[in-house]
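Novice: The structure that follows is given in the form of structure tokens.
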Amino acid sequence: MDWRTKLLNPAPRARRDYKSLATPVYRGSTVVFDNQGAVSDDWQQAENGYTYGLYGTPTTLELAARIADLENARHTFIVPGGQAAIALVYLAFCKAGSHALIPVSAYGPNREMADGLLRGFGVTVEPYDPLIGGGIRDLIKDNTTLIWCESPGSVTMEVQDIPTIVEAAHESGVAVALDNTYAAGVLFDAFAHGVDVSMQALTKYVGGHSDILLGSVSVRDEAAYQTLGPIYRQLGLAVSPDDCSLALRGLQTLAVRLDQLEKSTLTVANWLAEHPSIETVFHPALASCPGHDSWKRDFTGSASVFSFMFKDDVSPAQVEAIINSLKIFRIGLSWGGVTSLAVVYPDLDRPGKDYGGRLVRLNVGLEQESDLIGDLQDAITDVLDQTGAN
Ligand SMILES: *Cc1c(COP(=O)(O)O)cnc(C)c1O
């Protein structure tokens, strides 16, 4: 063999029996077949063997299997982000002429897709009150094919009565999809509560360190698996095996991170609830959170993200100044990482509700609780003393 050919000979030279604790990062687009008769292009690689890197390498399928195991799912699809997971669910369960329902408190870009891409494809997505419960029956039409739930909702944190919504949906043969990102797929057991499709932004708690973007779509039964699979294939939602290996590493510390984050977050939330300048704290484990009773009944814990609203003698400009004065909390979107974050939501679209530019969302990280409370205390005191409110 010429040395040029040797360079391209992929036959392994090193031993392949390395028994590491870490899942190897398998890169690869092409899969080599033993003979022409074995060539196929099949997305169902977990059952039928590897055919093409687009449907995942062993690293991706290892992550998929571990998420499926955690959520008690039949199968999990790994996709490039939470938003891609949302798109996959819509495109698998809706077609031109379909009607879908989405809580007004759903993740903003989910609602944006409903009003943009899907409307253009002839799919009508109707917003509903997240606390509607059994009232959802009245919104289900002959052409309803999908009901979204997200619990707690983004930013305003309403906890939904999932079993009641599922019951109404299933009476009419409608599929229920849940954005289960807050629960990291573990604090709320989606399938035990009857949900058909559970998706997560793995970007948040599974990744856990603000350095990857990944999503998952998990299904309980074979029919949903067969509905999603071909659309997953057609959309070409491939992910990087490097990112999957970081998510696999994140899984190893998910339990300790969630335990610590729950404790610190409750400490900060309870401190805010007692603060004279704070009107309400929207944390699922506090009675002041809409849908708190559903949380108590259905969840096994709470996470690191919650919101609170200043009293109306604090102006929106002061709220902004307070957030700008924070030294440990950084200003940023997304959550579930190790760093505490704060962000103001000045113009939320919540029909019948006006948060008056005084709603702030926090993500509590792994910093010392007393430092976080000190940071909030100093920022609030400095701004309100200077500008003379209270
Ligand atoms: C962040 C988030 C998403 C989107 O996830 P990306 O990975 O950022 O695309 C979807 N749903 C919820 C509830 C989220 O918080």
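Since every read-out is calculated from the coordinates, none of them should be taken as a lab result. Source: prediction; values computed, not measured. In this analysis, Cβ positions are derived from the backbone assuming ideal geometry, glycine residues included, and neighbour counts consider all displayed protein chains.
Novice: Near Asp243, within a Cβ-to-Cβ distance under 15 Å, what is the net charge of the other residues, with Lys and Arg +1 and Asp and Glu -1?
Specialist: Net local charge, Asp243 excluded: +1.
Novice: So if we plug the beta-carbon distance of Lys263 and Ala96 into 1/(1 + (r/R0)^6) with R0 = 56 Å, what FRET efficiency do we get, rounded to 0.05?
Specialist: Efficiency computed from Cβ-Cβ geometry: 0.70.
Novice: So how do 346-353, 175-182 stack up, highest first, on mean other-Cβ count within 10 Å?
Specialist: Highest-to-lowest ranking by the protection proxy: 175-182, 346-353.
Novice: Additional query: Within a Cβ distance under 10 Å of Gly153, other residues only, what is the Lys/Arg minus Asp/Glu net charge?
Specialist: Summing Lys and Arg as +1 and Asp and Glu as -1 gives -2.
Novice: If you don't mind, there's one more thing I want to ask. Taking 2.2 N^0.38 Å as the expected size of a compact globular protein, what ratio does the Cα radius of gyration of segment 1-148 give against it, to two decimals?
Specialist: Values: Rg = 22.0 Å, N = 148, 2.2 N^0.38 = 14.7 Å.
Here the Cα radius of gyration is 1.50 times the empirical estimate.
Novice: At q = 0.06, 0.07, 0.11, 0.13 Å⁻¹, what is the base-10 log of I(q)/I(0) for the chain according to the Debye formula with one equal point scatterer per Cα and no solvent? Please give it to two decimals.
Specialist: -0.27, -0.36, -0.82, -1.07
Novice: Report the antiparallel proportion of the DSSP beta bridges in the chain as a percent, rounded to a multiple of 5.
Specialist: If I count the DSSP bridges inside the chain, around 55 percent turn out antiparallel.
Novice: Can I ask one more? Can you tell me what percent of all Cα-Cα pairs in segment 253-387 are more than 24 Å apart? Before the final figure, lay out each step's value.
Specialist: Values: 2354 of 9045 pairs.
Value for segment 253-387 (Cα pairs over 24 Å): 26 percent.
Novice: What does the charge count near Arg74 come to, summing +1 for each Lys or Arg and -1 for each Asp or Glu among other residues with Cβ under 9 Å from its Cβ?
Specialist: After counting each charged neighbour, the total is -1.
Novice: Too long at a 27 Å Cα-Cα cut-off: which of Lys263/Lys327; Lys296/Lys327; Lys95/Lys353?
Specialist: The pairs that break the limit, which is 27 Å between Cα atoms, are Lys296/Lys327; Lys95/Lys353.
Novice: Express in whole angstrom the spacing between the alpha-carbon centres of segment 57-86 and segment 175-203.
Specialist: Cα centres, segment 57-86 to segment 175-203: 12 Å.
Novice: Peptides 6-14, 38-46, 244-252: what's the order by average Cβ count within 10 Å, highest mean first?
Specialist: Values: 6-14: 6.7, 38-46: 14.2, 244-252: 20.1.
Descending mean neighbour count gives 244-252, 38-46, 6-14.
Novice: Placing +1 at every Lys and Arg Cβ and -1 at every Asp and Glu Cβ, with all other atoms neutral, what dipole size does segment 58-142 have around its Cα centre, in debye to the nearest 20?
Specialist: Roughly 160 debye, rounded to the nearest 20.
Novice: Measure off 7 Å from each Cα along the Cα-to-Cβ vector at Ser315 and Gln368, then give the distance between these two points in nanometres to one decimal.
Specialist: The answer from the label model is 3.7 nm.
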